[in-house]
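Colleague: The structure under discussion is supplied below as structure tokens; questions concerning it will follow.
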Amino acid sequence: MAFALRPAGTPVLLLAACLTLAAPRATSPHAIVLESSPIHDAVLASAPELVTLRFNSRIEKRFTRVTLALADQAPVAVAVPAADADAAPDRITIPLGSLGPGVYVLRYRVLAVDGHITEGVLRFTVGPAR
Amino acid sequence: MTLLAGFLDVLLRGFGTIGLAAAVGGLVYLRLVLRPPPGAGGLVAAARGRAVTLIAAGALLAAGAELLLLLLVHPWALAEESGRWPLREFLTTGFGLAGLGRVVLALALAAAARWMRRGGDGAWAVAVCLGVLLMANAAWLAHAVSRLHDRGPLMVGTVLHQLGAVVWVGGLLHLVGFALLWRRAGGPAAEPLGLHVLARFSAVAIAGLVLVVVPGIYLAFSYVGGWGGLVGTGYGVMVLTKVALLGCALVLGGLNFSILRRGESGAGAIAARAPAFIEAEVGLGLTLLLAAASLTSLPPSVDVVADRATPAEVAARFRPAMPRLSSPPVGQLLAVAAPMDDTLAKRQPEEYAWSEYNHHAAGFFVFTMGVLALLDQTGRARWARHWPLGFLGLATFMFVRNDPRAWPLGPAGFWESMVLPDVLQHRLAVVLVVALAVFEWLVRSGRLTRPGGRLVFPLLCASGGTMLLTHSHAMFNLKTEFLTEVSHAPMGLLGVVMAWGRWLEIRLPAADRRIPGWIWAACMATIGLILLVYRES
């Protein structure tokens, strides 16, 4: 008896197509912030010099990208110094420079060591709450 | 951009694991299940040839998926403000190097499989070494590598857990190919060897499942932490979903095992039933691998403390309530809704009301179709066989009401809104629903009689169920979003059970079709009921 392979039938092709359509879960914040200084929505009497984020994962720090926006103004890129690479693997320290009063929105994008990319946001107010 | 990259990341990780299952699981299958006895006939030779082809294909799939991740998805998602992709820097990270390692090993395994086909000396030993290295390499691509504590034990536990899944699901994939060949060869009457192959696979599958479960329990304790994390976080609910899928697969495996124990006297029955059970089990296994890939994108429950829901809050989402009979106007919704690209914005009450109305209307369609399908099962209401036409109404409703900010109701154009994973997933779902309607109505009205055509409905249902299990709006771990999504898991699970129930109804001998027929129809009605009581606030 011959055992020549038949061409893949309709069901097999459909299964392949269906698996392509069955898109797994859209990204979630895989690496989440466990602790931050200042905390989200903090109202501070004086401007912080640094923002510190502690994650639940080891972070590939050289890929960290941070922007800071005052109120409705355009966001400005903030450099995360390479020296921070020597600190704890789950912490990122971001120098802010001198900030005036206002509501600030800091957005970050980090790469976890396991290859997952996460975006997040930290909002804080300098000066009296509005 | 990060959202879409995350979507592709999980998809490619899932396909990579399926490829690994076909390749490495195939090596185990070839050595332990498909051993050629002295004087083996053409069936074993053909089956071994097919297995080697599938091993090579699996290895190429694993390599291809990883290459796309490394060269395209991640560098694109990590692009700098200038638009430059940091490809070289990314490839020198631990993840990049481990990924390159997988690519090289998988390509080498594909070459070794080709060598095996030619009967080269030492090809088998080389292939086994490559398989072992591929599994070990997986430790550096898993979530465990990023953990701060117990990193080593978690990496080892993950590899053992994955090895069990690869042996089990990969073996099943190969067994489907074997069962088809066996049946074509005349079944047990012509080739009694097939019974021994099935029996040997049962032993290998049990060993694989032990490897899945034992390290899996350790990983669950480490990542979930306790009962609160199991029911109150997205990660915990996905773990429960995986356990439920595994339970369903075990039921099918147990049924196969029991018919095999009947021995030679029931050989005809085995040949008639075993392939159907194996096919359904492989479907559940593939869904499990995709769900596992999806799980890795979620933060472990032990890390989600402030945003954890209580069991009472979760139970409240399933408490029956009157469905919404009206929806907020589009204008009112657009006035309060955040821009589509603001993925971090909080959803407003009007958005919840809009979504609840959508789910309740969808529930009306699905529940009605489920009841009609149950009526059809009784054989006393022939007119009820036209129930698939209800899917057309559902598809139209879903397409129009997908997202009020996107075409045709909102300002964002059709293509502009396609880059958002949520919108893209909903539109893919509309295509699936239309296909469900067309194919199943053609089958039930007698217009489509080809065997392959009858299987379209269960395959699409399996895809829909998997999509629902792995579908998420952004920020799943936040408590409110988790509570919004929590009913999707049981609906996805029911969708997958419905799919493989219908598959069994089609593939089993006529005398065995009654129970799976009732099960899938009941699952559809239950999905409709869950949708009717769905709530987000």
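Each reported figure results from applying straightforward, stated rules to the coordinates on display, with no laboratory input. Owing to the predicted nature of the structure, the values given are computational and were not obtained by experimental measurement. So basically every Cβ, Gly included, is an ideal-geometry build from the backbone, and we count neighbours across all protein chains shown.
Colleague: Using the structure shown, decide if B:GLU81 is in contact with a strand residue (DSSP E or B) (Cβ under 8 Å, 6 or more places away or on another chain) and either at the interface with chain A (Cβ under 9 Å from one of its Cβ atoms) or aromatic (Phe, Trp, Tyr) (or both). First the steps, then the outcome.
Modeller: Values: in contact with a strand residue (DSSP E or B) (Cβ under 8 Å, 6 or more places away or on another chain): yes; either at the interface with chain A (Cβ under 9 Å from one of its Cβ atoms) or aromatic (Phe, Trp, Tyr) (or both): yes.
When the stated conditions are applied, B:GLU81 passes them.
Colleague: Could you grab me the full set of residues in segment B:347-384 that are more than 28 Å from the chain's Cα centre (by Cα), surrounded by fewer than 18 Cβ atoms within 10 Å (Cβ to Cβ) and touching a residue at least 24 places away in the same chain (Cβ under 8 Å)?
Modeller: Result: B:PRO349, single match.
Colleague: If you don't mind, another one. Could you list, in sequence order, the residues of segment B:387-420 that are over 16 Å from B:TRP354 (Cβ atoms) and charged (D, E, K, R)?
Modeller: Scanning segment B:387-420 gives a single hit, B:GLU416.
Colleague: Something else: B:GLY225: in contact with a helix residue (DSSP H, G or I) (Cβ under 8 Å, 6 or more places away or on another chain) and either among the hydrophobic types (A, V, I, L, M, F, W, C) or within 14 Å of chain A (Cβ to nearest Cβ) (or both), yes or no? Please lay out each step first, then the result.
Modeller: Working: in contact with a helix residue (DSSP H, G or I) (Cβ under 8 Å, 6 or more places away or on another chain): yes; either among the hydrophobic types (A, V, I, L, M, F, W, C) or within 14 Å of chain A (Cβ to nearest Cβ) (or both): yes.
Criteria met by B:GLY225.
Colleague: Follow-up. For segment A:42-73, give me each residue that is within 14 Å of another protein chain (Cβ to nearest Cβ) and polar (S, T, N, Q).
Modeller: A:ASN56, A:SER57, A:THR64, A:THR67, listed by residue number.
Colleague: May I pose another question? What are the residues in segment B:423-442 that are at the interface with another protein chain (Cβ under 9 Å from one of its Cβ atoms) and not hydrophobic (A, V, I, L, M, F, W, C), if any?
Modeller: Hit for segment B:423-442 is B:GLN425, nothing else.
Colleague: Sticking with this one: Scan segment B:449-469 residue by residue and report those that are within 11 Å of chain A (Cβ to nearest Cβ) and either farther than 20 Å from B:PHE7 by Cβ or in contact with a Lys or Arg (Cβ under 7 Å, 6 or more places away or on another chain) (or both).
Modeller: Keep residues of segment B:449-469 that are within 11 Å of chain A (Cβ to nearest Cβ), which gives B:450-469.
Hits for segment B:449-469 are B:ARG450, B:PRO451, B:GLY452, B:GLY453, B:ARG454, B:LEU455, B:VAL456, B:PHE457, B:PRO458, B:LEU459, B:LEU460, B:CYS461.
Colleague: Then there is this: Would you check which residues across segment B:396-447 are free of Cβ contacts under 8 Å to residues at least 40 places away in the same chain and of a type outside the set (A, V, I, L, M, F, W, C) and list them?
Modeller: Answer for segment B:396-447, where residues must be free of Cβ contacts under 8 Å to residues at least 40 places away in the same chain and of a type outside the set (A, V, I, L, M, F, W, C): B:THR396, B:ASN402, B:PRO408, B:GLY413, B:GLU416, B:HIS426, B:ARG427, B:GLY446, B:ARG447.
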